[in-house]
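To start, the structure itself, in C-alpha coordinates.
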Amino acid sequence: MKDYVVMDLENPNSRQNSISAIGTILVRDNKIVDDKYSLINPEDNFEPFNMQLTGITPRSVKNSPTLVEYWHEIEDWLTNNVVVGHNITYDLRVLSRSLARYGMKVPDFKYCCTLTHSRRNLKLKSYKLENIAKKLHIIYDPHIASEDARAAYQLFEYLNRKKEIEINQAKNYHYKIKTKESYDPKLSTNINNLYGMVRVILFEEYPNNQQLKLLDDWLKENSQYKQYPLFDNITSKLTTILNKNTMDFSDRKILADIVPAVTTSSIYSKNTLTVQVLQGIIKSITADNKVTMEELNNLNTWLTRNRVLKGTYPYDKIVKITDNTLNKGFITIDEQKQLARTFKETMNPQKETNETIDFNGKTFCLSGFFKHGNKEEITKILKKQGLIEKKSVSGKVDYLFVGSMENPTWKYGNIGGKIIKAQQLQEKGKNIKIISENNLFREINNKRVI
(Lines give C-alpha, C1' and ligand atoms only; values in the text may rest on other atoms or scores of the structure.)
Protein backbone atom coordinates (compact mmCIF):
# COMPACT_ATOMS: atom_id res chain seq x y z
CA MET A 1 0.00 0.00 0.00
CA LYS A 2 1.50 3.32 -1.09
CA ASP A 3 -1.26 5.89 -0.69
CA TYR A 4 -3.17 6.40 2.55
CA VAL A 5 -3.91 8.76 5.46
CA VAL A 6 -2.70 8.33 9.04
CA MET A 7 -4.88 9.61 11.88
CA ASP A 8 -4.64 9.90 15.63
CA LEU A 9 -6.82 11.80 18.07
CA GLU A 10 -7.02 12.65 21.77
CA ASN A 11 -10.03 12.60 24.10
CA PRO A 12 -10.97 14.99 26.92
CA ASN A 13 -12.68 12.25 28.97
CA SER A 14 -13.57 8.57 29.09
CA ARG A 15 -16.93 8.79 27.29
CA GLN A 16 -15.40 8.32 23.83
CA ASN A 17 -17.74 10.76 22.09
CA SER A 18 -15.69 13.96 22.00
CA ILE A 19 -12.27 15.00 20.72
CA SER A 20 -9.65 17.43 22.02
CA ALA A 21 -7.03 17.07 19.25
CA ILE A 22 -6.68 15.50 15.79
CA GLY A 23 -3.51 14.77 13.83
CA THR A 24 -3.63 13.57 10.19
CA ILE A 25 -0.89 12.79 7.66
CA LEU A 26 -1.42 12.41 3.90
CA VAL A 27 0.86 9.81 2.31
CA ARG A 28 1.51 9.39 -1.42
CA ASP A 29 3.91 6.81 -2.82
CA ASN A 30 4.93 6.01 0.78
CA LYS A 31 6.08 9.61 1.37
CA ILE A 32 4.49 12.27 3.56
CA VAL A 33 3.16 15.00 1.29
CA ASP A 34 1.00 16.94 3.76
CA ASP A 35 -0.11 16.90 7.36
CA LYS A 36 -2.64 18.68 9.54
CA TYR A 37 -2.98 19.12 13.28
CA SER A 38 -5.43 21.02 15.41
CA LEU A 39 -6.59 21.22 18.96
CA ILE A 40 -10.36 20.77 19.05
CA ASN A 41 -12.80 22.39 21.46
CA PRO A 42 -14.80 19.30 22.48
CA GLU A 43 -17.59 21.32 24.12
CA ASP A 44 -17.41 18.67 26.81
CA ASN A 45 -15.87 18.26 30.23
CA PHE A 46 -12.25 17.27 30.76
CA GLU A 47 -11.34 14.50 33.18
CA PRO A 48 -8.12 14.71 35.24
CA PHE A 49 -6.68 11.48 33.82
CA ASN A 50 -7.01 12.68 30.23
CA MET A 51 -5.60 16.11 31.00
CA GLN A 52 -2.64 14.56 32.78
CA LEU A 53 -2.06 12.16 29.87
CA THR A 54 -2.34 14.62 26.98
CA GLY A 55 -1.54 17.95 28.61
CA ILE A 56 -4.67 19.37 26.97
CA THR A 57 -6.98 21.38 29.24
CA PRO A 58 -10.12 23.48 28.71
CA ARG A 59 -7.87 26.52 28.68
CA SER A 60 -5.80 24.96 25.84
CA VAL A 61 -8.81 24.61 23.53
CA LYS A 62 -10.66 27.78 24.48
CA ASN A 63 -10.06 29.40 21.07
CA SER A 64 -9.83 26.19 19.03
CA PRO A 65 -12.42 25.08 16.45
CA THR A 66 -15.12 22.59 17.36
CA LEU A 67 -15.37 19.33 15.43
CA VAL A 68 -18.25 20.83 13.44
CA GLU A 69 -16.00 23.71 12.39
CA TYR A 70 -12.93 21.57 11.68
CA TRP A 71 -14.48 18.51 10.01
CA HIS A 72 -14.39 20.00 6.48
CA GLU A 73 -10.59 20.29 6.79
CA ILE A 74 -10.08 16.53 7.00
CA GLU A 75 -13.30 14.97 5.69
CA ASP A 76 -12.00 14.37 2.14
CA TRP A 77 -8.75 12.91 3.41
CA LEU A 78 -10.48 10.43 5.69
CA THR A 79 -13.33 9.41 3.42
CA ASN A 80 -11.34 9.06 0.17
CA ASN A 81 -8.33 7.16 1.53
CA VAL A 82 -7.53 4.14 3.63
CA VAL A 83 -7.13 5.41 7.20
CA VAL A 84 -4.08 4.00 9.01
CA GLY A 85 -3.42 4.18 12.73
CA HIS A 86 -2.48 2.22 15.83
CA ASN A 87 -5.64 0.61 17.19
CA ILE A 88 -7.35 2.78 14.59
CA THR A 89 -10.81 1.30 15.18
CA TYR A 90 -10.78 3.10 18.54
CA ASP A 91 -10.07 6.45 16.85
CA LEU A 92 -12.72 5.79 14.19
CA ARG A 93 -15.26 4.87 16.85
CA VAL A 94 -14.56 8.07 18.81
CA LEU A 95 -14.70 10.15 15.63
CA SER A 96 -17.98 8.52 14.56
CA ARG A 97 -19.58 8.94 17.97
CA SER A 98 -18.42 12.57 18.09
CA LEU A 99 -19.96 13.29 14.69
CA ALA A 100 -23.17 11.55 15.76
CA ARG A 101 -23.24 13.62 18.92
CA TYR A 102 -23.54 16.74 16.78
CA GLY A 103 -26.18 15.14 14.57
CA MET A 104 -23.74 15.08 11.62
CA LYS A 105 -23.63 12.38 8.97
CA VAL A 106 -21.29 9.57 9.97
CA PRO A 107 -19.45 8.19 6.91
CA ASP A 108 -18.06 4.70 6.43
CA PHE A 109 -14.29 4.37 6.44
CA LYS A 110 -11.67 2.01 5.05
CA TYR A 111 -8.90 1.31 7.52
CA CYS A 112 -5.70 -0.57 8.18
CA CYS A 113 -4.57 -1.11 11.76
CA THR A 114 -0.87 -1.10 12.69
CA LEU A 115 -1.71 -2.83 15.99
CA THR A 116 -3.23 -5.80 14.13
CA HIS A 117 -0.32 -6.06 11.67
CA SER A 118 2.25 -5.68 14.48
CA ARG A 119 0.75 -8.63 16.32
CA ARG A 120 0.95 -10.69 13.16
CA ASN A 121 4.49 -9.81 12.19
CA LEU A 122 6.42 -8.78 15.31
CA LYS A 123 7.28 -10.85 18.36
CA LEU A 124 7.02 -8.53 21.34
CA LYS A 125 5.77 -8.66 24.93
CA SER A 126 3.76 -5.47 24.49
CA TYR A 127 2.20 -4.01 21.36
CA LYS A 128 1.58 -0.53 22.70
CA LEU A 129 2.80 2.08 20.24
CA GLU A 130 5.33 3.43 22.75
CA ASN A 131 6.86 -0.01 23.28
CA ILE A 132 7.03 -0.82 19.57
CA ALA A 133 8.57 2.59 18.86
CA LYS A 134 11.36 1.92 21.36
CA LYS A 135 12.13 -1.43 19.75
CA LEU A 136 12.24 0.14 16.28
CA HIS A 137 14.11 3.26 17.45
CA ILE A 138 11.24 5.55 16.48
CA ILE A 139 11.62 8.76 18.46
CA TYR A 140 8.43 10.71 19.24
CA ASP A 141 6.44 12.35 22.05
CA PRO A 142 3.50 10.06 22.95
CA HIS A 143 -0.07 11.24 23.49
CA ILE A 144 0.28 14.19 21.14
CA ALA A 145 -1.98 13.45 18.17
CA SER A 146 0.43 14.71 15.51
CA GLU A 147 3.34 12.79 17.09
CA ASP A 148 1.34 9.58 17.50
CA ALA A 149 0.26 9.82 13.86
CA ARG A 150 3.87 10.26 12.72
CA ALA A 151 4.99 7.26 14.81
CA ALA A 152 2.16 5.18 13.34
CA TYR A 153 3.27 6.21 9.84
CA GLN A 154 6.85 5.08 10.51
CA LEU A 155 5.60 1.81 12.01
CA PHE A 156 3.31 1.17 9.04
CA GLU A 157 6.13 1.77 6.58
CA TYR A 158 8.37 -0.60 8.53
CA LEU A 159 5.68 -3.30 8.43
CA ASN A 160 5.02 -2.55 4.76
CA ARG A 161 8.66 -3.07 3.91
CA LYS A 162 8.87 -6.21 6.03
CA LYS A 163 5.85 -7.74 4.33
CA GLU A 164 3.98 -5.66 1.78
CA ILE A 165 0.47 -4.69 2.85
CA GLU A 166 -1.93 -4.73 -0.07
CA ILE A 167 -4.82 -2.32 -0.55
CA ASN A 168 -7.25 -5.25 -0.52
CA GLN A 169 -6.23 -5.95 3.10
CA ALA A 170 -7.97 -2.75 4.19
CA LYS A 171 -11.19 -3.34 6.11
CA ASN A 172 -14.47 -1.46 6.21
CA TYR A 173 -15.60 0.44 9.29
CA HIS A 174 -19.32 1.15 9.71
CA TYR A 175 -20.64 2.84 12.84
CA LYS A 176 -24.09 1.85 13.97
CA ILE A 177 -25.66 4.38 16.32
CA LYS A 178 -26.79 2.76 19.55
CA THR A 179 -30.32 3.94 20.29
CA LYS A 180 -30.30 2.36 23.77
CA GLU A 181 -26.91 3.61 24.89
CA SER A 182 -26.92 4.17 28.66
CA TYR A 183 -25.53 7.43 29.98
CA ASP A 184 -22.36 7.89 32.00
CA PRO A 185 -23.26 7.34 35.69
CA LYS A 186 -21.38 10.54 36.58
CA LEU A 187 -24.17 12.40 34.78
CA SER A 188 -26.66 11.41 37.49
CA THR A 189 -25.73 14.75 39.10
CA ASN A 190 -27.07 16.57 36.05
CA ILE A 191 -30.35 14.63 36.02
CA ASN A 192 -30.95 14.83 39.77
CA ASN A 193 -30.18 18.56 39.84
CA LEU A 194 -32.83 19.07 37.17
CA TYR A 195 -35.26 16.81 39.01
CA GLY A 196 -34.87 19.01 42.08
CA MET A 197 -35.43 22.19 40.05
CA VAL A 198 -38.58 20.71 38.49
CA ARG A 199 -39.93 19.71 41.93
CA VAL A 200 -39.78 23.36 42.98
CA ILE A 201 -41.39 24.68 39.80
CA LEU A 202 -44.15 22.07 39.99
CA PHE A 203 -45.38 23.48 43.29
CA GLU A 204 -45.05 27.17 42.46
CA GLU A 205 -47.99 28.89 40.80
CA TYR A 206 -45.83 31.12 38.64
CA PRO A 207 -42.18 30.16 38.09
CA ASN A 208 -40.06 33.33 38.09
CA ASN A 209 -37.80 34.39 35.22
CA GLN A 210 -34.68 33.38 37.11
CA GLN A 211 -36.01 29.84 37.56
CA LEU A 212 -36.76 29.63 33.83
CA LYS A 213 -33.25 30.90 33.10
CA LEU A 214 -31.90 28.18 35.37
CA LEU A 215 -33.66 25.60 33.19
CA ASP A 216 -32.31 27.28 30.06
CA ASP A 217 -28.77 27.19 31.47
CA TRP A 218 -29.20 23.49 32.25
CA LEU A 219 -30.37 22.92 28.68
CA LYS A 220 -27.33 24.67 27.19
CA GLU A 221 -24.94 22.72 29.42
CA ASN A 222 -26.54 19.33 28.73
CA SER A 223 -27.48 19.45 25.05
CA GLN A 224 -24.07 17.88 24.38
CA TYR A 225 -25.38 14.61 25.88
CA LYS A 226 -28.29 14.15 23.52
CA GLN A 227 -26.74 10.96 22.14
CA TYR A 228 -28.18 9.40 25.29
CA PRO A 229 -31.94 8.73 24.84
CA LEU A 230 -32.84 10.08 28.30
CA PHE A 231 -31.04 13.37 27.70
CA ASP A 232 -32.36 13.59 24.14
CA ASN A 233 -35.95 13.23 25.34
CA ILE A 234 -35.52 15.80 28.12
CA THR A 235 -33.66 18.38 26.03
CA SER A 236 -36.07 18.20 23.08
CA LYS A 237 -39.18 18.68 25.24
CA LEU A 238 -37.55 21.25 27.50
CA THR A 239 -36.53 23.23 24.39
CA THR A 240 -40.15 23.24 23.16
CA ILE A 241 -41.43 24.43 26.53
CA LEU A 242 -38.85 27.19 27.00
CA ASN A 243 -39.39 28.50 23.47
CA LYS A 244 -42.93 29.44 24.53
CA ASN A 245 -41.48 31.98 27.02
CA THR A 246 -44.23 31.04 29.48
CA MET A 247 -44.84 27.90 31.47
CA ASP A 248 -48.32 26.77 32.45
CA PHE A 249 -49.26 23.84 34.67
CA SER A 250 -49.46 21.39 31.76
CA ASP A 251 -45.87 22.28 30.81
CA ARG A 252 -44.73 21.70 34.39
CA LYS A 253 -46.58 18.38 34.42
CA ILE A 254 -44.76 17.33 31.23
CA LEU A 255 -41.41 18.17 32.85
CA ALA A 256 -42.35 16.21 35.95
CA ASP A 257 -43.19 13.20 33.79
CA ILE A 258 -40.04 13.20 31.65
CA VAL A 259 -37.43 14.02 34.32
CA PRO A 260 -36.85 11.03 36.59
CA ALA A 261 -34.87 10.92 39.79
CA VAL A 262 -31.81 8.71 39.51
CA THR A 263 -32.07 6.46 42.59
CA THR A 264 -29.49 3.78 41.81
CA SER A 265 -25.93 4.13 40.60
CA SER A 266 -22.81 2.07 40.13
CA ILE A 267 -20.65 4.82 41.63
CA TYR A 268 -22.84 6.86 44.02
CA SER A 269 -24.70 5.87 47.18
CA LYS A 270 -28.45 6.41 47.53
CA ASN A 271 -27.82 9.27 49.96
CA THR A 272 -25.44 10.97 47.54
CA LEU A 273 -28.03 10.73 44.75
CA THR A 274 -30.68 12.26 47.02
CA VAL A 275 -28.39 15.14 48.02
CA GLN A 276 -27.95 15.82 44.29
CA VAL A 277 -31.73 16.40 44.19
CA LEU A 278 -31.46 18.72 47.21
CA GLN A 279 -28.83 20.70 45.35
CA GLY A 280 -31.28 21.26 42.48
CA ILE A 281 -33.99 22.35 44.91
CA ILE A 282 -31.70 24.90 46.55
CA LYS A 283 -30.59 26.23 43.15
CA SER A 284 -34.21 26.82 42.16
CA ILE A 285 -35.54 28.44 45.35
CA THR A 286 -32.54 30.80 45.49
CA ALA A 287 -32.54 31.63 41.76
CA ASP A 288 -34.11 35.06 42.39
CA ASN A 289 -31.77 35.70 45.36
CA LYS A 290 -34.48 35.37 48.01
CA VAL A 291 -36.35 32.54 49.71
CA THR A 292 -40.02 33.05 50.56
CA MET A 293 -41.88 31.43 53.46
CA GLU A 294 -43.84 29.32 50.96
CA GLU A 295 -40.62 28.03 49.40
CA LEU A 296 -39.20 27.36 52.84
CA ASN A 297 -42.28 25.35 53.85
CA ASN A 298 -42.07 23.29 50.66
CA LEU A 299 -38.36 22.70 51.30
CA ASN A 300 -39.14 21.64 54.86
CA THR A 301 -41.69 19.10 53.57
CA TRP A 302 -39.02 17.58 51.32
CA LEU A 303 -36.45 17.56 54.13
CA THR A 304 -38.92 15.81 56.44
CA ARG A 305 -39.65 13.14 53.84
CA ASN A 306 -35.95 12.51 53.42
CA ARG A 307 -34.87 12.17 57.06
CA VAL A 308 -32.80 9.19 55.96
CA LEU A 309 -30.20 11.82 54.98
CA LYS A 310 -29.63 12.74 58.62
CA GLY A 311 -25.88 12.74 59.22
CA THR A 312 -25.16 13.42 55.54
CA TYR A 313 -23.61 16.76 54.69
CA PRO A 314 -25.08 19.30 53.86
CA TYR A 315 -28.53 17.96 54.81
CA ASP A 316 -28.10 18.60 58.55
CA LYS A 317 -27.01 22.19 58.01
CA ILE A 318 -29.92 22.92 55.64
CA VAL A 319 -32.35 21.41 58.18
CA LYS A 320 -30.92 23.55 60.99
CA ILE A 321 -31.19 26.75 58.95
CA THR A 322 -34.73 25.89 57.83
CA ASP A 323 -35.97 24.98 61.33
CA ASN A 324 -34.53 28.14 62.91
CA THR A 325 -36.25 30.33 60.33
CA LEU A 326 -39.62 28.53 60.43
CA ASN A 327 -39.70 28.65 64.24
CA LYS A 328 -39.82 32.46 64.01
CA GLY A 329 -43.07 32.22 62.08
CA PHE A 330 -42.24 35.06 59.68
CA ILE A 331 -39.40 36.29 57.49
CA THR A 332 -38.61 39.83 56.36
CA ILE A 333 -37.46 40.76 52.84
CA ASP A 334 -33.91 41.29 54.10
CA GLU A 335 -34.02 37.90 55.83
CA GLN A 336 -35.28 36.28 52.61
CA LYS A 337 -32.21 37.63 50.82
CA GLN A 338 -29.85 36.61 53.60
CA LEU A 339 -31.36 33.12 53.65
CA ALA A 340 -30.73 32.76 49.91
CA ARG A 341 -27.09 33.82 50.41
CA THR A 342 -26.67 31.33 53.25
CA PHE A 343 -28.14 28.46 51.25
CA LYS A 344 -26.00 29.30 48.23
CA GLU A 345 -22.84 29.47 50.31
CA THR A 346 -23.67 26.12 51.91
CA MET A 347 -24.13 24.40 48.55
CA ASN A 348 -21.34 26.31 46.78
CA PRO A 349 -18.81 27.40 49.39
CA GLN A 350 -16.04 28.75 47.14
CA LYS A 351 -15.20 32.32 48.04
CA GLU A 352 -15.21 34.94 45.29
CA THR A 353 -14.07 37.85 47.42
CA ASN A 354 -11.26 40.37 47.64
CA GLU A 355 -10.08 38.74 50.84
CA THR A 356 -6.35 39.08 51.45
CA ILE A 357 -4.47 35.78 51.63
CA ASP A 358 -1.61 35.40 54.10
CA PHE A 359 1.07 33.44 52.24
CA ASN A 360 3.76 33.43 54.91
CA GLY A 361 4.08 29.96 56.47
CA LYS A 362 0.40 29.08 56.07
CA THR A 363 -0.74 25.60 55.07
CA PHE A 364 -2.87 24.72 52.05
CA CYS A 365 -4.62 21.84 50.32
CA LEU A 366 -5.91 21.67 46.72
CA SER A 367 -9.25 20.45 45.39
CA GLY A 368 -10.68 20.31 41.89
CA PHE A 369 -8.98 21.16 38.63
CA PHE A 370 -7.11 24.40 37.95
CA LYS A 371 -7.09 26.39 34.72
CA HIS A 372 -3.64 27.74 35.60
CA GLY A 373 -2.05 24.28 35.46
CA ASN A 374 -2.15 20.81 36.96
CA LYS A 375 -1.94 20.30 40.73
CA GLU A 376 1.81 19.71 40.65
CA GLU A 377 2.35 23.03 38.87
CA ILE A 378 -0.02 24.88 41.21
CA THR A 379 1.73 23.39 44.23
CA LYS A 380 5.13 24.64 42.98
CA ILE A 381 3.70 28.14 42.51
CA LEU A 382 2.23 28.18 46.02
CA LYS A 383 5.37 26.86 47.67
CA LYS A 384 7.33 29.68 46.03
CA GLN A 385 4.87 32.07 47.67
CA GLY A 386 5.79 30.67 51.10
CA LEU A 387 2.84 28.30 51.58
CA ILE A 388 3.19 24.77 53.00
CA GLU A 389 1.43 21.88 51.27
CA LYS A 390 -0.90 19.43 53.04
CA LYS A 391 -2.20 16.41 51.17
CA SER A 392 -5.53 16.17 53.01
CA VAL A 393 -7.96 18.50 54.75
CA SER A 394 -7.68 18.70 58.54
CA GLY A 395 -7.85 21.24 61.32
CA LYS A 396 -4.20 22.04 60.61
CA VAL A 397 -4.97 23.42 57.13
CA ASP A 398 -5.35 27.18 56.73
CA TYR A 399 -6.57 27.32 53.11
CA LEU A 400 -8.41 24.98 50.78
CA PHE A 401 -7.89 26.29 47.24
CA VAL A 402 -10.55 25.11 44.80
CA GLY A 403 -9.91 24.94 41.05
CA SER A 404 -12.29 26.99 38.93
CA MET A 405 -12.86 24.09 36.55
CA GLU A 406 -14.03 21.79 39.35
CA ASN A 407 -13.77 18.03 39.00
CA PRO A 408 -16.15 15.82 36.98
CA THR A 409 -15.89 13.08 39.60
CA TRP A 410 -17.28 15.28 42.39
CA LYS A 411 -20.45 13.82 43.86
CA TYR A 412 -22.56 16.96 43.63
CA GLY A 413 -21.09 18.61 40.55
CA ASN A 414 -19.52 21.57 42.36
CA ILE A 415 -18.64 20.07 45.74
CA GLY A 416 -16.06 17.38 46.44
CA GLY A 417 -15.16 15.51 49.61
CA LYS A 418 -12.43 17.99 50.60
CA ILE A 419 -14.84 20.92 50.39
CA ILE A 420 -17.39 19.08 52.53
CA LYS A 421 -14.71 18.25 55.12
CA ALA A 422 -13.61 21.90 55.19
CA GLN A 423 -17.18 23.06 55.76
CA GLN A 424 -17.59 20.60 58.61
CA LEU A 425 -14.37 21.89 60.19
CA GLN A 426 -15.61 25.47 59.85
CA GLU A 427 -18.77 24.54 61.76
CA LYS A 428 -16.59 23.14 64.54
CA GLY A 429 -14.83 26.48 64.82
CA LYS A 430 -11.70 25.75 62.80
CA ASN A 431 -10.29 28.68 60.84
CA ILE A 432 -9.88 26.90 57.49
CA LYS A 433 -10.82 29.13 54.54
CA ILE A 434 -12.20 27.87 51.22
CA ILE A 435 -10.77 30.07 48.45
CA SER A 436 -11.48 29.99 44.71
CA GLU A 437 -8.74 29.80 42.10
CA ASN A 438 -9.71 33.24 40.78
CA ASN A 439 -9.33 34.77 44.24
CA LEU A 440 -6.01 32.96 44.76
CA PHE A 441 -4.36 34.10 41.54
CA ARG A 442 -5.70 37.62 41.89
CA GLU A 443 -3.83 37.76 45.21
CA ILE A 444 -0.69 36.24 43.68
CA ASN A 445 -0.75 38.78 40.84
CA ASN A 446 -1.31 41.65 43.27
CA LYS A 447 1.66 40.45 45.32
CA ARG A 448 3.87 40.43 42.21
CA VAL A 449 2.85 43.98 41.35
CA ILE A 450 3.69 45.16 44.86
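Out of all the residues in the stretch 140-153, is one or more part of a helix (DSSP H, G or I) and among the polar types (S, T, N, Q)? Talk me through it step by step, then tell me what you get.
Going residue by residue through the stretch 140-153, those that are part of a helix (DSSP H, G or I) are 145-153.
Cutting the leftovers down to among the polar types (S, T, N, Q) gives us 146.
Looking through the stretch 140-153, at least one residue is part of a helix (DSSP H, G or I) and among the polar types (S, T, N, Q).
The residues of the stretch 27-52 that are hydrophobic (A, V, I, L, M, F, W, C), buried (at least 17 other Cβ atoms within 10 Å of the Cβ) and modelled with pLDDT of 95 or more, listed by number, are V27, L39, I40. The single residue among T240, T274, T189 that is polar (S, T, N, Q), modelled with pLDDT of 90 or more and open to solvent by less than 30 Å² (accessible area, probe 1.4 Å) turns out to be T274. If we scan the stretch 65-87, do we find a residue that is surrounded by fewer than 17 Cβ atoms within 10 Å (Cβ to Cβ) and hydrophobic (A, V, I, L, M, F, W, C)? So far as the stretch 65-87 goes, yes, one or more of its residues are surrounded by fewer than 17 Cβ atoms within 10 Å (Cβ to Cβ) and hydrophobic (A, V, I, L, M, F, W, C). With respect to L255, is the statement that it is open to solvent by less than 10 Å² (accessible area, probe 1.4 Å), touching a Gly at 6+ places or on another chain (Cβ under 9 Å) and in contact (Cβ under 8 Å) with a residue 40 or more places away in the chain true? Judged against the criteria, L255 is not a match. Of all residues in the stretch 128-143, those that are on the phi > 0 side of the Ramachandran plot and surrounded by 13 or more Cβ atoms within 10 Å (Cβ to Cβ) have Cβ atoms under 9 Å from Cβ atoms of residues that are in a loop (DSSP other than H, G, I, E, B) and of a type in the set (G, A, S), 6 or more apart or on another chain, in H143/G55. What residue, among those in the stretch 89-127 that are polar (S, T, N, Q), touching a residue at least 60 places away in the same chain (Cβ under 8 Å) and out of contact with any helix residue (DSSP H, G or I) (no Cβ under 8 Å at 6 or more places or on another chain), is farthest from Y153 (Cα to Cα)? Among them, the one singled out is S96.
For the stretch 387-409, a tally of residues being modelled with pLDDT under 90 and open to solvent by 20 Å² or more (accessible area, probe 1.4 Å) returns 6. With a requirement of 2 or more residues that are over 14 Å from Y153 (Cα atoms) and among the small types (G, A, S), none of the strands (runs of 3 or more DSSP E) lying completely within the stretch 1-53 satisfies it.
The set of residues in the stretch 90-127 being surrounded by 13 or more Cβ atoms within 10 Å (Cβ to Cβ), under 31 Å from the mean Cα position of the chain (by Cα) and among the basic types (K, R) consists of R93, R97, R101.
The values are calculated or read from the model by the stated rules, or taken from the named source; none is laboratory data. Nothing here was measured: the structure is a model prediction, and the numbers come from that model. A quick note on method: Cβ atoms are made from the backbone with ideal geometry, for glycine too, and the neighbour counts reach across all protein chains shown. We work out accessible area using only protein heavy atoms, side chains counted, and drop any ligands, DNA or RNA first. Shrake-Rupley method; radii C 1.70, N 1.55, O 1.52, S 1.80 Å.
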